[in-house]
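The values are calculated or read from the model by the stated rules, or taken from the named source; none is laboratory data. Predicted model only: the values in this text are computed from it and were never measured. FYI the Cβ positions are ideal-geometry reconstructions off the backbone, even for glycines, and counts take in every protein chain you see. Quick note on the areas: whole protein, heavy atoms, side chains included, nothing else; ligands and nucleic acids left out. Shrake-Rupley method; radii C 1.70, N 1.55, O 1.52, S 1.80 Å.
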Amino acid sequence: MAIINFGSINIDHVYRVARMPAPGETLTVKSYDRFLGGKGANQSIAIAKSGGLVRHVGAIGPDGGWAAEKLQEAGVDPGHLTVVDEPTGHAVILVDDAGENQIVICAGANRCLTIDQIAAELDTANAEDKWVLLQNETNCTSDIVRCAKAAGFRVAYSAAPFVAEETLPLVDSVDLLIVNDVEAKALAVAGGSSMSDMACAELLITRGEHGAEFHHSGSIFKQAAFGVTPVDTTGAGDTFLGAFLARYSQGGDAGEALQFAAAASAIQVTRPGAADAIPDEGEVMNFLSERKS
Ligand code: RIB
């Protein structure tokens, strides 16, 4: 059973700084690296590395062959990417000595999905492909949700980056909404209600070092974060979501899926980069058994 991810792909330009610059201040960076990123690509790789099957539907520019190869190396089927006449999306990321980040993105090719492409991908999906995943880094988000629901898929929506006017109309239609702390607060303010009043069937809130919670059928499952020393927290939430969905969508127990996801993101933040830092299933299982012993 594959998860169909209508997902963004970015080239991440990562600049290490001792601290974040103040407004109007110029800083010299300590280092520069280029990594694969994008919330969609990170989530697809986390699904694949956690033992899930994923079909990544997206768009890259003529400069994006490298990103497609990186996806394939990580176990993601890249055969559903279109190459368009826009540069591949990119992100400019500052990471400070505490591993915290600030990110700006330039959507580029990520905004080139078409309704025909979405419909064709859903039409050719397997009867067992029950889940569709999306984020706010592509265009056509409302079309993806509408078509996926009409075709009988369960829809998981990572409402990041949070854009009130895009997210609010979708919240009631999706089956699983995923937000971090900041997005949860912004959503509650924009929607004028508390998160627990949201009509989506399931809600996953990731809170970084403060763990995560999963709301399902009136119950709340809480998961603490594992204590680690972070090097780079970029993509930690994407890793958590992908790892959780890989396990949960295969009929896994929510508690086990949360614990697995917490371990995956704990390992991921101890390494530089977003997609490159995501651990595989074996590493996560080893980490969990070490932490239990
Ligand atoms: O969530 C982390 C991701 O956000 C980065 O990889 C960057 O590309 C932005 O999309």
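Here are the numbers for this structure:
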| quantity | calculated |
| --- | --- |
| Most mobile of N126, N136, N180 in a GNM of the chain (Cα contacts under 10 Å) | N126 |
| Total charge dipole magnitude, region 188-293, about the Cα centre, Cβ charges on Lys, Arg, Asp, Glu only, Debye to nearest 20 | 220 debye |
| Relative packing of peptides 260-270, 114-124 - highest average C-beta neighbours within 10 Å first | 260-270, 114-124 |
| Mean Cβ neighbour count within 10 Å, used as a protection proxy, ranking 76-85, 226-235, 155-164, 15-24 highest first | 155-164, 226-235, 76-85, 15-24 |
| Charge dipole magnitude, Cβ of K and R +1, D and E -1 - region 81-232, Cα centre, debye nearest 20 | 400 debye |
| Estimated FRET transfer efficiency when R0 is 25 angstrom, pair V189-E25 (beta carbons, to 0.05) | 0.25 |
| Student exercise, the chain dipole from Lys, Arg, Asp, Glu Cβ charges, in Debye to nearest 20 | 420 debye |
| Heavy atoms of K292: accessible area, 1.4 Å probe, square angstrom to 10 | 150 Å² |
| R0 of 30 Å, Cβ-Cβ distance H13-S219: FRET efficiency to nearest 0.05 | 0.10 |
| The chain, helix-only ellipticity at 222 nm - DSSP H runs n ≥ 4, -39,500 (n - 2.57), divided by all residues, nearest 500 | -10000 deg cm²/dmol |
| Among the listed pairs K49/K130; K49/K222; K185/K222, those beyond 21 Å (Cα-Cα) | K49/K222 |
| Beta bridges by DSSP in the chain, antiparallel share as percent, to the nearest 5 | 40 percent |
| For the chain, accessible area per residue (1.4 Å probe, heavy atoms of protein chains only), Å² | 42 Å² |
